[in-house]
Amino acid sequence: MTDPQIVLTERVQQALAHAFGPEHADADPLIRPSQFADFQANVAMSLAKRLRRAPREVAEAIKSALSDFPGTVDVSGPGFLNITLDDSWIESEAQRVLADPRLGVGSIAPSQTVVIDYSAPNAAKEMHVGHLRTTIVGDSLARLHEHLGNTVIRQNHLGDWGTPFGMLIEHLLDIGEETAVAQLEAGMGTEFYQAARAKFDGDEAFKQRARVRVTTLQSGDPDTMRLWHVFMDATVRYFNKVYQLLGVTLTDADLAGESMYNPMLQKTCDDLEASGAAVISDGALCVFPPGFTGSDDKPLPLIIRKSDGGYGYASTDMAAIRYRVHDLKADRILYVVGSEQALHFRMVFAAARVAGWLPDTVSAEHVQIGMMLGKDGRRFKTRSGESIKLFDLLQEAIARATAAISDRGYDEATKSEIARAVGMGAVKYADLSVSHDSEYVLDFDRMLAFTGNTGPYMQYATARIRSIFRRAGIEPSDAKGPILLGDPAERALALHLLGFGSLVEQVAEQSEPHRLCAFLYETSSLLSTFYEQCPVLRPEVPPETRASRLALCALTMAVLETGLGLLGVPVPERM
C-alpha cells in the first residue's frame, strides 16, 4: 500500500505494540495532515490516560520504537508526533505508482456482487431533473465498484406498471399508435399523461374503458400487453436518448421495472403470511417491523397488500429484495433513491430481515439523494411551476458550454465535441462534488466556471498537461522519469498523489463520490502551483529535471483522468 497515511498508521501501530504491548497494537494512531510536518499523530494524547503516563512521555516512547522509518519524527507540545517523510521514499513510491497501470488502486478480495438500483424514472411521465442525481450518483458507484473488481448488477427500477397504464393505453388507442409513439419518443411523456388524465377526469366513458383496461393488463391479455409494449418501447427509446447524451452506462439489459416483479407479488404475500412475518390488519396484509411507531405511538405497518387487494411500492420492494438476494446472489445492495424515501427503505430492510429474506451476510443500503434546488433555494422548476425536462436541462448546459468556448478558434466539429464534454462534465461534476444526501443548488454560471471546484476546471487541468506533452513532442506513456523532488511544489503534488489508491477504495466502501471530487480538486490545485513554480520545458531546465517533471505530469494526468472516468466525467484532449 502506497498511501502515506496507511503506511504510517501501520508503522505507528507496530511501534505501539513494541513500546506498550500487543494489546495496544490496534489503537488508532490518529494520523492527520499537518501544517508543521507532512503528518501529525495524536495517539499519545488519547493513550496516555490508559497508560497512566504523561502524553509527552508516551510520545517519546513511540518515537523511540519507530525503527527503520522512512523519515523523521519529532515530539512537540504536550505530545504530538510530527512526521516528515524522506524525499527519497516519496520519489520511489511515486515512481512505483507511475509504473502501476492501476495507480495504486487495489482489487477487493474476495470480490462482491453489488446490485445498484438507480435512475428509475416513471414511464408514465417525463424524465425530469429529479432523476438527474439518482442517475449520476448511481452510475458513478457502478463504475467505482467495477474498477475495484466487484461484479456490478445495475437495476433500472422503472415505474412501468400500475393503474395509470389503463388510461395511458386507452389514450394511445384514441390518438393512434403512430402519433403516440412519436410523442413518447420526443420526450412528451408528461404531456401524454396529462392528456390521458384530463380525459379520465372529465369523460365517464373513457374512465370506464381505462378501468377495464387495467383489468385486462393485470390479467396478461395479449392485445393489451402488445399495446403496453408499444408504449414502453417508445418511452425507453427516449430514456436511452437521455442516457446517451448524459454518458451513463445503463442499457436495456439493466431494465428491471415494477412489471418484472408483478408475477412474484402473490407469492410474496403468501410466503410472508405463511411464515407469520405478515398479518392481516384492518383488512390489509402488513408487516410490523420492530422499532417503528407512528405519531400515536402505535406500531407502524409496512402494507404489503392493500385492503382492496391491490399492491403498492412495498409489495414490489419486498419482492425485489428477495429476488436480488436469492436470484442475483447479492452481497451488497445499494438503493440510490431520494432521501424522502428514507423511512420506507428502513422499514423494507427491517421487514426483509424479519422475513429472513435479507440475511446478516448481505448489506442493504439506502444511498440517500438530496433535492435539487434552484438559485432561489426552492425546488428546481420552470417559471410556471413545472418540473424541468432533463433533456432540456442537458441541452441548455451544452449550449452554454458552446458559448463559453466560442472564441477559442476551433472548427465546428471540434467545438461541438468539446462543448458536449464540457457541458455534461459540468452538470455531472457539480452534482457529484456535493454530498449525495445534501440539497444541491443547480447554478449554470457556477458549474460552468473554469475556476474553482468545477468540472471544467478539472477538465482544463488534464488538457493543460496534454498540451505540455504535445509541445514536448512525446507521449505521456513515454515519460518514465526517474522522479526527483527538488521543489516544494513537486514534493507536495507527488505526496498527495500517493493517496489515490486507498481513496478510491474508501469512496466505494462509503458510497461518497464527493470525496473523490475533493481529492481531484486538491490534485488540480497542487498541479496549478506546480505549473507556476516548476517550469518543465524551458531551455534552462536540466534534462534530468525535465524528465522528472514530465513523469510527474504524466502521473498527475493519469490520476485525474482515471478519477474523472470513475465519476463518469468526460475528458476532452483540448479545451
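The values are calculated or read from the model by the stated rules, or taken from the named source; none is laboratory data. Being a predicted model, the structure only gives us computed values, none of them experimental. As a convention, Cβ positions derive from the backbone with ideal geometry for all residues, glycine included, and neighbour counts pool all protein chains shown. Note: areas computed on protein heavy atoms with side chains; ligands, DNA, RNA excluded. Shrake-Rupley method; radii C 1.70, N 1.55, O 1.52, S 1.80 Å.
If the chain linking D74 and S107 were pulled fully straight, counting 0.36 nm for each residue of separation and taking away their Cα-Cα distance, it would gain 8.3 nm. Projecting the Cα atoms of L442, P456, L358 onto the charge dipole of the stretch 355-472 (Cβ charges, centred on the Cα centre) puts P456 farthest toward the positive pole.
Only protein atoms count toward the accessible area here, which uses a 1.4 Å probe; on the stretch 90-232, the carbon and sulfur part of that area reaches 54 percent. Between R446 and D87, the distance separating the two model label sites (each 7 Å from Cα on the Cα→Cβ line) works out to 4.1 nm.
A dipole drawn for the chain from +1 and -1 charges on Cβ atoms has a positive end, and of I369, Q266, Q183 the residue lying farthest that way is I369.
In this simple spin-label model, placing a label point 7 Å from the Cα along the Cα-to-Cβ direction at both R471 and D297 gives a separation of 7.4 nm.
Compute the signed sum of charges (Lys and Arg +1, Asp and Glu -1) over the other residues within less than 12 Å, Cβ to Cβ, of E573. Here the count lands on +2.
When the square roots of the Cα gyration tensor eigenvalues are ordered a ≥ b ≥ c, the ratio a/c for the stretch 218-268 is 1.5 or more and a/b does not exceed b/c, which makes its shape oblate. Between the Cα long axis of helix 222-246 and the first principal axis of the chain there is an angle of about 30°, rounded to the nearest 10.
Legend: calculated FRET efficiency, D487 to R32, from the Cβ-Cβ distance at R0 = 30 Å, rounded to 0.05, equals 0.75. Per-residue extension of 0.36 nm, minus the Cα-Cα distance of L328 and A182, leaves a gain of 49.0 nm for this segment.
Of the accessible area of the stretch 287-444, computed with a 1.4 Å probe over protein heavy atoms only, carbon and sulfur atoms account for 48 percent. Count Lys and Arg as plus one, Asp and Glu as minus one, and take only other residues whose Cβ is under 12 Å from that of A48; the net charge is then +3. Axis of helix 87-99 versus longest Cα principal axis of the chain: the two differ by about 40°, to the nearest ten degrees.
This model, with +1 at the C-beta of Lys and Arg and -1 at the C-beta of Asp and Glu, gives the chain a dipole about its Cα centre of some 560 debye.
Helix 313-326 and the longest principal axis of the C-alpha atoms of the chain enclose an angle of approximately 50°. To the nearest µm²/s, what D does Stokes-Einstein give for the stretch 224-312 at 4 °C and 1.567 mPa s, using the Kirkwood radius over alpha carbon pairs as Rh? It diffuses with D of about 80 µm²/s by this estimate. Of the options V336, F36, P110, report the single residue whose Cα projects farthest towards the positive end of the charge dipole of the chain (beta-carbon charges: Lys, Arg +1; Asp, Glu -1). Checked the options; the winner is F36.
Computed from the C-beta positions of E273 and E204, the FRET efficiency with R₀ = 45 Å rounds to 0.75.
Take the alpha carbon gyration tensor of the stretch 479-566, find the square roots of its eigenvalues, order them as a ≥ b ≥ c, and report rounded if a/c is under 1.5; if not, report prolate when a/b exceeds b/c, else oblate. In terms of gyration-tensor shape, prolate. Among residues other than T529 with Cβ under 12 Å from its Cβ, the summed charge is -3 (Lys and Arg +1, Asp and Glu -1).
With the simple spin-label model, which puts each label point 7 Å out from Cα in the Cβ direction, the R53 to S219 separation comes to 8.3 nm.
Could you pull out the pairs from K241/K480; K375/K415; K241/K375; K207/K329 whose alpha carbons sit more than 31 Å apart here? Table pairs above 31 Å Cα-Cα are K241/K480; K207/K329. Note on the stretch 206-292: with charges restricted to the Cβ of Lys and Arg (+1) and Asp and Glu (-1), its dipole about the Cα centre is near 520 debye. With a/c under 1.5 counting as rounded, go ahead and sort the stretch 255-355 into rounded, prolate or oblate using the C-alpha gyration tensor (a ≥ b ≥ c being the square roots of the eigenvalues; past the cut-off, prolate if a/b is larger than b/c, else oblate). Verdict is oblate for the stretch 255-355. Extension gain for the segment D407 to Q266, taken as residue separation times 0.36 nm less the Cα-Cα distance, is 44.5 nm to one decimal.
The fraction of accessible area contributed by carbon and sulfur in the stretch 452-502 is 54 percent, rounded to a whole number (1.4 Å probe; ligands and nucleic acids excluded). A Cβ-based charge dipole, computed about the Cα centre of the stretch 105-252 with Lys and Arg at +1 and Asp and Glu at -1, lands at about 360 debye. Inter-part distance, the stretch 127-200 to the stretch 229-298, computed on C-alpha centroids, equals 15 Å. Computing semi-axes √(5λ) of the Cα gyration tensor in Å for the structure here picks out one of (i) 36, 31, 20; (ii) 51, 34, 18; (iii) 39, 27, 24, namely (ii). Can you give me the accessible area per residue for the chain, using a 1.4 Å probe, in Å²? In whole numbers, the chain has 44 Å² accessible per residue.
Working note: 222 nm ellipticity from helices only, DSSP H runs with n ≥ 4, each -39,500 (n - 2.57), summed and divided by the residues of the chain, gives -17500 deg cm²/dmol to the nearest 500.
Annotation: E412 carries an accessible surface of approximately 130 Å², with a 1.4 Å probe and no ligand, DNA or RNA atoms counted.
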